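Attaching a single structure in structure tokens format; questions to follow.
Each value in this text was obtained by applying a stated rule to the coordinates, not by laboratory testing. What you see is a predicted model, and the numbers here were worked out from it, not measured in a lab. Reconstructed Cβ throughout: ideal geometry from the backbone, glycine too, with neighbour counts over all protein chains shown.
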Amino acid sequence: MEKLAMRTPSLADANFAALAKLFPNAVTEAVDENGVVVRAIDKDVLAQEINAHVVEGREERYQFTWPDKKKSILLANAPIAAALRPCREESVDFDDTENLYIEGDNLDVLKLLRETYLNRVKMIYIDPPYNTGHDFVYEDDFAEETSSFLRRDGQFDEQENRLVTNSDSNGRFHTDWLNMLYPRLRLAKDLLADDGVIFISIDDNEVRNLRILCDEVFGERNLAACLPWQSRLSMQNDTDLSVNHEYILAYARNRRIENRRLKESNTGTWYQRDSFVFRPLPLNPDNYENPDNDPRGPWKADPFDAPHVRPNLTYPVTNPITGVQHLPPSGRCWRISPEKFSSALADNRIVWGKNGTGRPQLKVFYEEKKDFGSVDNSWFSGDKVGTATAATKELQELFGSTAPFDTPKPVSMVRKLLEIGFVRKDDIVMDFFSGSSTTAHAVMQMNAEDGGRRKFIMVQLPEICAEGSEAERIGYATICEIGKERIRRAGTKIKTDSSLTTGSLDVGFRVLKLDSANMKDVYYTPEQYANMQFSLEGFADNIKEDRSDEDLLFQAMLDLGIPLSAKISRNDEVFSVNDNHLIACFGHVDTTLITEIARKKPRYAVFRDSSFSSDSAMVNFEQVFATYSPSTIRKVL
């Protein structure tokens with residue numbers, strides 16, 4: 001039997017192992033700052049292997065940095081020992097729902113989710129705290145590991161992370177905000193599927209820095225768009241200009257450029273599209289006409305020139321009516337080669353403006369292009385996707401005459417992102433600054449409209465509602481309470497709307513709360529206790545006294561990479577997850593029960609070290625599984 005790690009892996013160790021596997025000759029030994037011999041990477045050997053210029057010292061280079069950036073990287077990679085504890089009483093349809101609502105610092109939560117949800121999330125939308133000089137930001141502790149706590153004056157969350165107001169008079173105004181966001185984005189990237197996309201709302205204060213930050217985390221080539229959103233329609237006369245916009249940055253996990261052929265024809269014409277993030281809009285047949293009665297049907301004239309200059313596609317073409325020669329505009333080229341141009345001209349696929357005397361244009365036929373659609377507009381107008389005012393009204397409709405959250409986003413805007421982001425009917429959507437849970441509302445709404453089974457994962461710090469705020473006045477203590485109640489009310493509203501209701505609509509959610517590890521310190525560092533005098537009774541069990549069997553089950557699921565939304569059934573003290581994919585028992589275990597479990601041939605079997613009824617049961621454990629289910633992976637806590 002092997003022990004479960006019960007803590008997240010070190011990403012730095014994983015990166016070292018990957019480099020060592022690729023370049024074993026670059027692995028060496030060195031002495032660290034404490035005089036201890038450690039394994040290391042020889043950068044000179046590595047530079048030779050990759051045959052690239054390595055920048056070091058004071059050599060000039062393009063870079064984006066700020067105070068504590070190196071510590072921020074270390075924080076993203078550092079392992080933690082923490083747990084996500086289920087809370088049935090605050091959940092809705094706990095046993096059957098596939099949605100998750102997680103309370104806690106999103107940095108630790110993302111670390112806990114990383115292995116299980118690696119490359120599995122189709123879309124992430126976040127609306128992080130804007131750096132306005134008034135909002136609270138997370139102040140992560142760079143002096144210690146995340147799992148250790150340092151008491152300082154200030155306001156703390158339940159995991160001892162300090163919340164501070166980032167005043168614009170603070171010398172670390174940008175630094176604190178960047179340190180907050182950077183490690184979280186690095187972890188978010190790992191969760192995105194290969195065809196996934198992240199959308200990030202931001203305003204003018206940090207849009208410049210956020211874009212450079214995302215270029216570094218996701219890669220500059222993976223920028224899909226910077227979408228201006230018209231956040232208000234009314235005018236403000238108390239500023240130099242009425243600021244009526246915000247932005248949504250969209251980055252792909254892996255942007256791919258594809259050439260997509262519309263239809264075989266004697267010209268072999270290719271229409272090029274960047275096909276990576278956004279879902280194309282359906283074509284409007286009203287935009288196509290057939291003034292020359294072409295037998296191929298309605299068409300419209302598209303530009304014949306294209307970006308990216310290519311010498312073999314830069315040549316003169318002659319208008320047969322006027323005899324005038326035309327070259328592509330500066331910095332552009334023609335779409336097709338001279339030979340294909342001649343074929344297209346003979347096939348009546350080239351037109352010369354409305355009166356025949358202009359520059360060349362390419363006929364695009366509706367029947368040939370209808371299956372490929374057209375690109376959307378990058379401008380998110382308030383009248384089409386909603387405004388901040390509309391979002392507040394949505395909350396007022398759900399909660400009564402008042403809105404308990406100050407900066408919600410409209411459901412229609414997030415719904416638009418789900419649509420253009422190619423979120424399929426079974427995909428996972430995440431929001432780790434979930435606030436009032438607009439994203440969860442939009443996912444349920446979309447499922448109701450098309451019968452989908454999309455799952456959401458909401459993550460929110462249990463930030464205390466401001467004293468004297470509307471939220472506090474009507475009885476909400478934390479932002480999490482607002483978010484959970486919003487999902488409950490929105491789900492009820494959607495389900496009771498007969499025009500939207502579907503039989504399998506999931507409007508429930510499992511509540512999980514971040515807490516310290518389920519295991520006592522002796523579990524992680526037994527060597528520290530080997531020579532100490534202590535009570536055997538106090539350490540007979542390595543699990544904390546206040547933890548339930550269900551707490552242990554969910555941590556085992558995380559360690560084994562089983563989704564936290566998995567179907568769970570329980571028979572006395574035995575848990576079955578996803579139809580015996582995992583069977584766990586943390587109560588009394590004897591040879592009879594071990595045999596019963598082994599006969600079911602689970603993929604994983606997990607037990608509590610102290611639960612075996614006798615030494616003989618423990619001795620027989622391996623033999624029983626070797627007989628009935630040798631392929632089962634056995635673990636103990």
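Once you place label points 7 Å from the Cα toward the Cβ at residue 633 and residue 45, how far apart are they in nm?
Spacing of the two 7 Å Cα→Cβ label points: 3.2 nm.
Any chance you could give the angle, 0 to 90 degrees and rounded to 10, that helix 549-559 forms with the longest Cα principal axis of the chain?
50
To test your reading of the geometry: what angle, between 0 and 90 degrees and rounded to tens, separates the Cα axis of helix 11-22 from the longest principal axis of the chain?
70
Could you check the simple spin-label distance between residue 419 and residue 15, using points 7 Å along Cα→Cβ, in nm with one decimal?
In this crude label model, residue 419 to residue 15 measures out at 4.0 nm.
Label 7 Å along Cα→Cβ of residue 407; region 208-231 residues with amide nitrogen under 13 Å?
none
May I ask you to compute the full-extension gain from residue 466 to residue 572, defined as 0.36 nm times their residue separation minus their alpha-carbon distance, rounded to one decimal in nm?
33.8 nm
Could you list, in their original order, any pairs among 111/635; 340/363; 484/520; 369/416; 21/122 whose Cα atoms are separated by more than 20 Å?
111/635; 484/520; 369/416; 21/122
Among 245, 23, 377, whose Cα sits farthest toward the positive end of the charge dipole of the chain (+1 at Cβ of Lys/Arg, -1 at Cβ of Asp/Glu, about the Cα centre)?
It is 377.
Also: Report the gain in length on full extension from residue 208 to residue 245: 0.36 nm times residue separation, minus Cα-Cα distance, nm rounded to one decimal.
So the extension gain works out to 11.8 nm.
Name all residues of region 290-310 having a backbone nitrogen under 12 Å from the label point set 7 Å from the Cα of residue 359 along its Cα→Cβ direction, giving them as ranges.
Under cut-off, by backbone N: 303-307.
Let me have the 222 nm mean residue ellipticity of the chain computed from DSSP H runs of 4+ only, each contributing -39500 (n - 2.57), with the sum over all residues rounded to the nearest 500.
-8500 deg cm²/dmol
R0 = 35 Å: FRET efficiency of residue 119 with residue 29, Cβ-based, nearest 0.05?
For R0 = 35 Å, the calculated efficiency reads 0.55.
How far apart, in nm, are the 7 Å Cα→Cβ label points at residue 132 and residue 493?
Between residue 132 and residue 493, the label points sit 2.3 nm apart.
In whole Hz, what ³J(HN,Hα) sequence does region 438-449 give by Karplus (6.51, -1.76, 1.60; θ = phi - 60°), x for Gly and Pro?
Per-residue couplings from phi come out as 4, 4, 4, 4, 5, 5, 5, 4, 5, 4, 5, 7 Hz.
In the chain, if the dipole is taken from +1 on Lys/Arg beta carbons and -1 on Asp/Glu beta carbons about the Cα centre, which of 583, 512, 320 is farthest to the positive end?
Projecting each Cα onto the dipole axis, the largest value belongs to 320.
List the pair-distance distribution P(r) of the chain, using every Cα-Cα distance, as the percent of pairs falling in each 10 Å bin from 0 up to the bin containing the longest distance, rounded to whole percents.
3, 12, 20, 21, 18, 13, 7, 3, 1, 0, 0
Rounded to a whole number, what is D in µm²/s for region 548-636 from Stokes-Einstein with the Kirkwood radius over alpha-carbon pairs (4 °C, 1.567 mPa s)?
Approximately 101 µm²/s, per Stokes-Einstein.
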